[in-house]
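Presented below is the structure to which this report refers.
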Amino acid sequence: MRKKVLLSAVSLLFATAVSLPVAAQNIIPQPENISLMKGLFKLNKGTKIVTNLRGNDFKVLNQYTSEVLKHPLAYAKFPSKQGTFRLICKGTAQQAAQAMDSVRLQGYELEVTPKGITIQALTPTGLFYGLQTVRQLEKDGQIACVKVKDTPRFAYRGLMIDCSRHFWTKDFLKKQIDAMAYFKLDRFHWHLTDGGGWRMEVKKYPRLTDEGSYRTQSGWTKWWMDNDRKYCHKNTPGAYGGYYTQEDIKEIVRYAASRHIEVIPEIEMPGHSDEVVYAYPELSCTGKPYTQSDLCVGKEATYTFMENVLKETMALFPSKYIHIGGDEAERRTWKTCPDCQKIMKENNLKDVAELQSHFTHRMEVFLNNHGRKLLGWDEIMEGKLAPNAAVMSWRGTEAGIEAATSKHHVVMAPQQFYYLNMYQDNPMEQPKAQGGYTRLDKTYNYEPIPAEYKGSNLEKYMDGVQACVWTEFIAEPSHLEYMLYPRLLALAETGWTKKRTGYDNFRKRAVVNVERLKRAGYNAFDLSKEKGSRMESRSVTLHEALNKPVTYLGRYAGKYRAEGDSTLTNGLRGDWGYLEGRWQGFIDSTGVDVVVDMGQVTDIRDVRVDFMHLYESVIYTPVTIELMVSDNGKDFKTIDTVSPGIKSSEDYLVYPYKWKGDAKGRYVRVKALSREKDAWIFTDEIIVNKIERSCGKG
């Protein structure tokens with residue numbers, strides 16, 4: 001029954017709510033060249049789909065067309081030209097094997113006339129992508145006549161789903177793979193292991209799943225952020241989690257391969273390994289569970305363990321890349337661990353960053369010896385990058401450009417554009433998300449290769465782009481789909497289309513495709529009801545402290561400097577997220593402590609300051625806010641003190657501090673104390689005597 005429901009949902013992706021000529025203009029990703037012609041081809045039960053594919057290629061495609069298109073294939077060495085749907089492969093078996101890494105070998109040509117449909121390609125992959133274009137052209141068995149010539153921009157067009165923080169069923173993953181195929185994505189990055197739970201059966205180490213795949217709480221906030229982190233067994237009352245058997249994994253890999261999607265496993269190491277060192281505490285520096293998140297990289301047993309895990313991983317996943325994570329290792333215990341210090345001394349390693357590089361290099365040599373390549377998050381560049389490693393750049397774009405310039409292959413996945421677990425609209429009206437604010441237009445407008453590098457050797461090492469969904473605060477399938485669509489469609493177009501026509505055009509097509517997805521049973525965000533940016537961020541705020549100098553008695557954090565010293569009086573207020581470059585972040589023990597110089601003694605009547613509150617990112621409203629004035633910049637008089645009283649666990653909000661009164665002074669000082677150590681305060685503008693805009697004519 002489940003399979004019938006799933007297939008009927010997938011087949012609904014044929015349907016559109018627009019006229020046929022317009023349907024040809026609503027394809028995502030947009031083809032390289034498409035010409036509309038007169039007429040229609042009528043697809044009915046009697047239409048034969050014929051192909052010259054043979055063997056396993058025929059078998060795989062036949063299963064797909066039979067289930068999804070409701071039309072089985074027929075073999076024809078020389079397919080006839082009249083009244084048929086023809087799939088003609090013109091390449092070799094060697095080219096077919098190389099298609100995953102070649103944009104040329106993924107291309108296709110499509111011609112639809114009133115008499116038939118012809119798709120020609122060098123590989124079965126190209127034929128498959130031509131079929132996806134036909135699916136988007138079809139309505140009620142009729143297909144608009146077109147000519148299409150199409151090849152992708154990048155060979156790597158990916159999506160990562162985090163299955164550690166929350167466990168997703170096979171059927172749910174297959175459903176997302178179907179959507180990926182429809183929009184011509186070709187890499188599924190499967191995040192299988194992390195502190196939230198180990199999700200892959202490893203027969204040599206059964207304790208990984210017996211001890212590390214279930215936890216005592218389903219909710220991430222209570223389990224992780226409230227520090228109630230305990231693992232448990234499957235039969236423990238209230239246990240939450242699960243894992244994929246090796247047969248489950250083979251099934252997903254086969255299913256994805258039938259849709260020309262390669263599955264790349266991620267086995268986190270050496271950090272984010274809480275569940276590993278719980279199940280096997282002898283692999284930690286302390287030898288005790290619940291004491292650290294990192295593996296001990298000074299013990300030979302750790303290398304043996306990871307190599308054995310990777311052997312079983314490679315037996316399940318035929319992908320070229322094996323992702324080893326490598327991000328956010330604490331490295332705390334390595335500094336005092338005798339085993340780690342011994343390795344550092346023997347190899348002349350100057351710090352623990354180089355110690356992690358030593359570990360990564362050994363893993364890379366092991367993978368290379370088995371015909372695979374290592375892929376890791378951009379932290380693997382710290383210390384010294386392993387010689388053949390590929391980099392997934394997530395903390396921004398700089399690391400990716402640096403790696404590509406150094407002739408390392410790169411996948412761009414910068415969090416501020418491609419982390420789809422961020423809010424996509426007004427956070428106070430959206431389901432819980434993690435951290436920033438990433439609108440559809442922001443995802444679409446990201447350009448992976450900066451203009452100054454166009455035509456350079458850097459392009460040769462830029463494999464492509466990837467969206468990521470971390471699921472700490474995404475516990476339901478409908479919520480995950482809501483975060484994916486339509487932003488994943490923007491990435492699909494960036495990865496495929498060489499010359500994009502701009503966001504306005506894309507948005508119109510995205511609205512149509514959101515409706516397609518909804519009819520197919522996907523819970524997509526309703527783009528037609530998008531509220532958009534925070535109103536305060538849309539124009540310059542006029543006030544009497546505009547562009548006045550600011551003295552920082554407590555410094556902002558370098559990575560959240562916004563516009564630096566001019567930020568708090570430049571008139572530019574922040575959007576809904578803290579990564580956009582307008583909110584300024586403070587984590588110093590003094591909190592926010594700044595002085596605005598008005599230039600002369602001024603009547604102070606009105607002071608306003610906004611503070612962001614985002615529990616998931618440890619950004620809290622200040623515990624107290626103090627407003628002071630001074631004539632000489634030394635002797636300050638307090639004119640207001642406020643305790644906002646916002647609980648740290650409150651959902652997203654922007655706290656609007658406001659003071660109205662009658663004071664005088666040349667200097668205005670705002671002091672905001674942090675709620676606790678290591679908590680952030682974010683603010684965007686100190687508004688003194690706001691000037692209301694005139695609405696009159698003039």
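What's the total number of residues in region 518-551 that are assigned to a helix (DSSP H, G or I) and surrounded by 14 or more Cβ atoms within 10 Å (Cβ to Cβ)? Lay out the reasoning, then the answer.
So in region 518-551, the residues assigned to a helix (DSSP H, G or I) come out as 518-519, 527-529, 535-538.
Subset that is surrounded by 14 or more Cβ atoms within 10 Å (Cβ to Cβ): 518-519, 527, 536-537.
So the answer is 5.
Given the criteria in contact (Cβ under 8 Å) with a residue 40 or more places away in the chain and under 30 Å from Ala301 (Cα atoms), does Trp377 qualify? Full working, then the answer.
Details: in contact (Cβ under 8 Å) with a residue 40 or more places away in the chain: yes; under 30 Å from Ala301 (Cα atoms): yes.
So Trp377 fits the description; yes.
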Residues that are more than 29 Å from Gly577 (Cβ to Cβ) and surrounded by fewer than 18 Cβ atoms within 10 Å (Cβ to Cβ): does region 414-426 have at least one?
no
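Looking at Tyr446, Tyr461, which one is touching a Ser or Thr at 6+ places or on another chain (Cβ under 7 Å) and of a type in the set (Phe, Trp, Tyr)? Walk me through it before giving the result.
Values: Tyr461 fails: touching a Ser or Thr at 6+ places or on another chain (Cβ under 7 Å).
Result: Tyr446 is the single residue among Tyr446, Tyr461 that is touching a Ser or Thr at 6+ places or on another chain (Cβ under 7 Å) and of a type in the set (Phe, Trp, Tyr).
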Leading residue by the ranking (surrounded by the most Cβ atoms within 10 Å (Cβ to Cβ)) among those in region 52-71 that are more than 33 Å from the chain's Cα centre (by Cα) and either in a loop (DSSP other than H, G, I, E, B) or among the aliphatic types (A, V, I, L, M) (or both)
Leu53
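Residue-wise test of (1) more than 22 Å from the chain's Cα centre (by Cα); (2) not hydrophobic (A, V, I, L, M, F, W, C).
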site: Trp223; (1), (2): yes, no
site: Tyr240; (1), (2): yes, yes
site: Val253; (1), (2): no, no
site: Arg259; (1), (2): no, yes
site: Ile267; (1), (2): no, no
Residue that is nearest to Glu530 (Cα to Cα), among those in region 398-434 that are out of contact with any helix residue (DSSP H, G or I) (no Cβ under 6 Å at 6 or more places or on another chain) and without any contact (Cβ under 8 Å) to a residue 40 or more places away in the chain
Gln430
Per the filter on region 72-119, residues at pLDDT 95 or above, within 18 Å of Val134 (Cα to Cα) and in a loop (DSSP other than H, G, I, E, B) are Gly107
Can you find even one residue in region 552-561 that is closer than 26 Å to Gly633 by Cα, small (Gly, Ala, Ser) and not in a strand (DSSP E or B)?
yes
Taking first residues from region 47-61 that are closer than 11 Å to Ser80 by Cα and second residues anywhere that are part of a helix (DSSP H, G or I), the pairs with Cβ under 6 Å that are 6 or more apart or on different chains are Ile49/Thr65
So for region 596-614 (the condition being free of Cβ contacts under 8 Å to residues at least 60 places away in the same chain and either within 43 Å of the chain's Cα centre (by Cα) or crowded, with 19+ Cβ neighbours inside 10 Å (or both)), does at least one residue qualify?
yes
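Condition check ((1) over 20 Å from Ala155 (Cα atoms); (2) assigned to a loop (DSSP other than H, G, I, E, B); (3) assigned by TED's automatic domain parsing to the domain that holds Trp576) across all residues:
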| position | (1), (2), (3) |
| --- | --- |
| Leu375 | no, no, no |
| Ala386 | yes, yes, no |
| Gly396 | yes, yes, no |
| Ala403 | no, no, no |
| Lys407 | no, yes, no |
| Val411 | no, no, no |
| Asp425 | yes, yes, no |
| Pro431 | yes, yes, no |
Need pairs with beta-carbon distance below 6 Å; first residue closer than 12 Å to Asp150 by Cα and within region 106-131, second in a strand (DSSP E or B) and basic (Lys, Arg); sequence gap 6+ or separate chains.
Glu109/Lys149; Glu111/Lys147
Over 20 Å from Gly158 (Cα atoms), surrounded by 20 or more Cβ atoms within 10 Å (Cβ to Cβ) and aromatic (Phe, Trp, Tyr) - does that describe any residue in region 292-303?
no
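Does Glu266 satisfy being of a type in the set (D, E, K, R), part of a strand (DSSP E or B) and in contact (Cβ under 8 Å) with a residue 24 or more places away in the chain? Quick ask: steps written out before the conclusion?
On the way: of a type in the set (D, E, K, R): yes; part of a strand (DSSP E or B): yes; in contact (Cβ under 8 Å) with a residue 24 or more places away in the chain: yes.
Yes; evaluated as a whole, the condition is true for this residue.
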Which of the numbered conditions does Ser284 fail, given that it passes all the others? Conditions: (1) surrounded by fewer than 20 Cβ atoms within 10 Å (Cβ to Cβ); (2) more than 29 Å from the chain's Cα centre (by Cα).
(1)
What is the number of the single condition among (1) assigned by TED's automatic domain parsing to the domain that holds Gln142; (2) of a type in the set (A, V, I, L, M); (3) assigned to a loop (DSSP other than H, G, I, E, B); (4) at pLDDT below 95 that Leu40 does not meet?
(3)
The lone exception for Thr683 - which of (1) within 23 Å of Met535 (Cα to Cα); (2) polar (S, T, N, Q); (3) at pLDDT below 95; (4) in the same structural domain as Tyr552 (by TED's automatic domain parsing) it fails:
(3)
Hey, among the residues in region 533-574 that are in contact with a strand residue (DSSP E or B) (Cβ under 6 Å, 6 or more places away or on another chain) and of a type in the set (A, V, I, L, M, F, W, C), which one's nearest to Thr438 (Cα to Cα)?
Ala562
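Determine if region 652-659 includes at least one residue that is closer than 25 Å to Asn570 by Cβ, more than 36 Å from the chain's Cα centre (by Cα), in a strand (DSSP E or B) and in the same structural domain as Arg555 (by TED's automatic domain parsing).
Initial filter on region 652-659 (closer than 25 Å to Asn570 by Cβ): 652-659.
Okay, now just the ones that are also more than 36 Å from the chain's Cα centre (by Cα), so 658-659.
Next, only the ones that are in a strand (DSSP E or B) stay: 658-659.
Remaining after also requiring in the same structural domain as Arg555 (by TED's automatic domain parsing): 658-659.
Yes - at least one qualifying residue is present in region 652-659.
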Unique residue being assigned to a loop (DSSP other than H, G, I, E, B) and more than 29 Å from the chain's Cα centre (by Cα) when the list is Thr304, Thr291
Thr291
Taking Ile322 as meeting all but one of (1) exposed (fewer than 14 other Cβ atoms within 10 Å of the Cβ); (2) within 24 Å of Tyr244 (Cβ to Cβ); (3) touching a helix residue (DSSP H, G or I) at 6+ places or on another chain (Cβ under 8 Å), write down the number of the exception.
(1)
Qualifying positions in region 616-638 - farther than 19 Å from Gln600 by Cβ, surrounded by fewer than 21 Cβ atoms within 10 Å (Cβ to Cβ) and touching a residue at least 24 places away in the same chain (Cβ under 8 Å):
Glu616, Ser617, Val618, Val623, Thr624, Glu626
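The values are calculated or read from the model by the stated rules, or taken from the named source; none is laboratory data. Here the structure is a predicted model, which is why all the values come from computation and not from measurement. Counting neighbours? That spans all protein chains shown, and the Cβs are built from the backbone with ideal geometry, glycine included.
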